[in-house]
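In what follows, a structure is listed as structure tokens, so that the remarks can point back to it.
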Amino acid sequence: MDFFADHLLFLILLSPVFSAVVHLLIPGELDNLHRWTAFVLSLIPLVLSIVLWFLFIPSEPGYQFQEMYVWYSPINSSFHIGVDGISLVLVLLTTILTPLAILTSFTITDRVKAYMILFFLLEMGMLGVFLSLDLLFFFVFWEFGLVPMYFIINQWGSEKGEREVWGGHKVKARTYASFKFMIVTMVGSLGLLLAIQMIGVAAGTFDILVLTEKWVSLDKSTFNIPIETVKAIAFWAFAIAFLVKVPVWPFHTWLPDAHTEAPTAGSMLLAGVLLKLGGYGFLRLVLPFYPEESKYFAGALAFLAVASIIHGALAAWGQDDFKRLVAYSSVNHMGFVVLGIAAAAFAYGTIDATIALEGAVLQMFNHGLSAAGMFFLVGVIYERTHTRSLKEFSGLLSLIPVYGGILIFTSMASLGLPGLNGFVSEFLVVRGAWPVFTIYTALAMIGLFFTGAYILKGIKMTLQGPINIRWLNHLQEINSRELFVIIPLMILMLWIGIWPAWILSVINYAVMSLY
């Protein structure tokens, strides 16, 4: 038992790699075997994460279950992993959504073996970011996750549509979206890499725990540049990389294209987990490493957050493509995460900061559930109708009432209806941010208003109105496999909405301990 507990995080991180290796050994033509093997093996990290949840002691400060192995001693870099309440919540989210995404992928028929391997590698990359306590390994896992997602979009994305690029040359829309996703996010990370190298040289270590103390207290000139200037430059190098990943306006343009062209399961993990890497970067690195710079530039972060909330809502409201509507909703909802972070940065050490930060962390978890559910439901209807155009639906509630009821429930969770999960986290962010950034928070209510508008638009154009005779006797109700995907998400949405204490208590101790 001691060995198991001592290496629990390593087992969680390694199990997706083990699963990928198992798939390498299975002949490629056995598609059904690959599907079921992938689903069963994807439950291993989930079971281990649940064990981790129950073994974790929320009231104990600092990181737990740490493992550390020297990687390259001349630069003081080690394979160092650990977990606190914030990372624990996101590890649990990742391991919940991955099996559901794989179960969603049972309709994939092209190169199933390679597809499943890429999903396990993607899971490993995401888990690595949440568990890393060394800056170099954080960056390695940060970039590693881009590669599987690029291929998932590029090779298994929508086959419809073309995009015109330079010189009138046309390429497949999924090719355009995957390249844009890769290039924009990698360019955003270049400054992060340079800043990490600079910090390692200046502080003599890449260990996040050591740097939290050493880098903050560093007060001598570095590279013949005043330390204040160095830290300000490094702050924005970190911040831009994370803002691109969240993403916030105006760095968000890669997101709608990537979501629209990605396969359903790819969109579930892209919205459910990958976007959270940006918010996690702020919580794990920016606020602890740059408390003064974070406070000084908090107003700028709040402005970008509110712009994202309003722009995301208005853009979603203007869409006739169901999947693109849900994609822009992620810009809207993740804006509340950044608003909570900005408020916490400005009011560091106050109860308002604590409430805002708890709301931001919970919003990441809640958005992961509701966004994954919404993208899944869009995928369900697309597989039956082969269209995402809201104008071509209408009146589907009477044809597929179970699907319609589930869509309404999930939409209300995304809207933030009291009693469901979205309300709790957005309320906490608004409550924490209001005394700190009153005007910005008031402006964010414009975004909330139009959130209701685009949610109701989606429901109205899909489920209500006269029945489109095109779908009479041609639509199948949601099946048992699909119910198995969405019901766990619905249970969590309702559970958090009614009794959020089970997850907020873990988040609260971590926030109080670190900030």
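Each reported figure results from applying straightforward, stated rules to the coordinates on display, with no laboratory input. Everything numeric in this text was worked out from a predicted model, so none of it was measured. Cβ placement follows ideal geometry from the backbone for every residue including glycine, while neighbour counts extend to all protein chains displayed.
Just a few scattered comments:
- Of the residues 323, 391, 214, 276, the one with the fewest other Cβ atoms within 10 Å heads the list, and the complete ranking is 391, 214, 323, 276.
- Sum of -39500 (n - 2.57) over DSSP H runs of 4+, divided by residues of the chain (222 nm, nearest 500): -23500 deg cm²/dmol
- With 30 Å as the limit on Cα-Cα distance, the pairs of 245/323; 172/276; 113/391; 231/276; 170/460 that go past it are 113/391; 170/460.
- Other residues with beta-carbon under 12 Å from the beta-carbon of residue 64 carry, at +1 per Lys or Arg and -1 per Asp or Glu, a net charge of -4.
- Listing 249, 53, 166 from fewest to most neighbouring C-beta atoms within 10 Å gives 166, 53, 249.
- Principal-axis tilt of helix 421-433 within the chain, Cα atoms, nearest 10 degrees: 40 degrees
- Between helix 351-385 and the chain there is an angle of about 30 degrees, using the helix long axis and the longest principal axis of the Cα atoms.
- Once you reduce the range 381-427 and the range 1-53 to the center of their Cα atoms, the two points are 32 Å from each other.
- Cα-based reach from residue 457 at 14 Å (exclusive), listing aspartates and glutamates while leaving out same-chain residues under 8 positions away: 320, 321, 392
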